[in-house]
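Since the structure comes first, as structure tokens, the remarks are kept for the end.
A short reminder: the numbers here are calculations on the coordinates, not readings from a lab. Nothing here was measured: the structure is a model prediction, and the numbers come from that model. Here the Cβ is made from the backbone with ideal geometry for all residues, glycine too, and neighbour counts use every protein chain on show.
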Amino acid sequence: MSTTQWNDEDIPDQRGRLAVITGANTGLGLETAWALAAHGASVVLAVRDIDRGKHAAARIAEAVPGANLTVQRLDLASLDSIRAAADALRAQCDRIDLLINNAGVMYTPKQTTQDGFEMQLGTNHLGHFALTGLLLDRMLPVQGSRVVTLSSNGHRMQAQIHFDDLQWEQSYSRVGAYGQSKLANLMFTYELQRRLADAGAPAIAVAAHPGFANTELSRYSPAFVKLLSKLPMMAQSPQMGSLPTLRAATDPDVRGGRYYGPGGFMETRGYPKPAESSKQSHDQAVQQRLWAVSEQLTDVKFPV
């Protein structure tokens, strides 16, 4: 296995493993689902739009004969939808090997989720927090199971957890709200890993980021960012952007609490390597406070 140019050819045999991937109908999620299915995993595409999910599954099935694919409706901006999806998955699945918290929104205009959360925090962090908590007991007994949550270099941009105005009701910054949500993804991963380790569980929590990838995530970005995302010398393909996630999910050498991203220029592109997150992301007191607030807001309690 190459350590400097880890790619999808390095993915171990995934037969017998079940992966649930949020936002798997496009971009990074689609590439992740495609690669895991090609290596034998059963894959659940958890998506907001069922028709787009079915189209994505059909594309994978055409390229990967015999792929075991399921489409599950999931709207991360609705706790009712998250609970319904978790109930359906729990009814279908005795075990889950991989939960890949991939879906997300970026730089949205000021708006709220069905439950009144700021859209970026509600979708990127609180939705995945709730889903993970509701599915975790299907992972705890499974040797080698992993929760992989996507963060971003954006966790460094104007980023802190604004406990005094968590939902950005007093003022709103698209960039600041996105940075907060991506910082929350990392803090969630680190606190979850600590809880899993303390419980002696065989499951681990890992984070990843794609660098600068050309995906639909940039739809609300400024025009110059959209332009840059179309330039191959600036932004990498969704396939390359998915590699940090795939390494975090499948590399047997990965340990809990690690963070993976592109190893090239400023972590914007390149093959996946261990990455360092901000000093702020490792603040355990803030991690624990965020966890408590997230449990309160979602009314989801974790089994660890």
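When Rg and Dmax are taken over the Cα atoms of segment 33-85, they come to 11.8, 35 Å.
At q = 0.11 Å⁻¹, work out log10 I(q)/I(0) for the chain with the Debye formula, treating every Cα as an identical point scatterer and leaving solvent out; two decimals please. Evaluating at q = 0.11 Å⁻¹ gives log10 I(q)/I(0) of -0.59. Spin-label pair Gln92-Lys279: with each label point 7 Å from Cα along the Cα-Cβ axis, the two points sit 4.6 nm from one another. Working ranking of peptides 139-148, 54-63 by packing, defined as the average number of other Cβ atoms within 10 Å per residue, highest first, is 139-148, 54-63.
For the chain, which DSSP H helices look membrane-span-like by this rule: Cα extent along the axis of 24 Å or more and mean Kyte-Doolittle of at least -0.5?
Membrane-span-like by this rule: 174-199.
At a threshold of 8 angstrom on Cα-Cα distance, excluding pairs fewer than six apart, so keeping six or more, what relative contact order does the chain reach in percent? All intermediate terms of the calculation are to be shown ahead of the outcome.
Values: 635 pairs, mean separation 56.1, N = 304.
Computed over the chain, the figure is 18 percent.
The modelled label-to-label distance between Leu140 and Ala58, using points 7 Å beyond Cα along the C-beta direction, is 4.1 nm.
Among beta bridges identified by DSSP and lying wholly in the chain, the antiparallel ones come to about 15 percent. Percent of C-alpha pairs per 10 Å bin in segment 75-159, short distances first: 17, 45, 28, 9, 0.
Close lysine pairs were tallied over the chain: pairs 8 or more places apart or on different chains with Cα atoms under 29 Å apart number 16.
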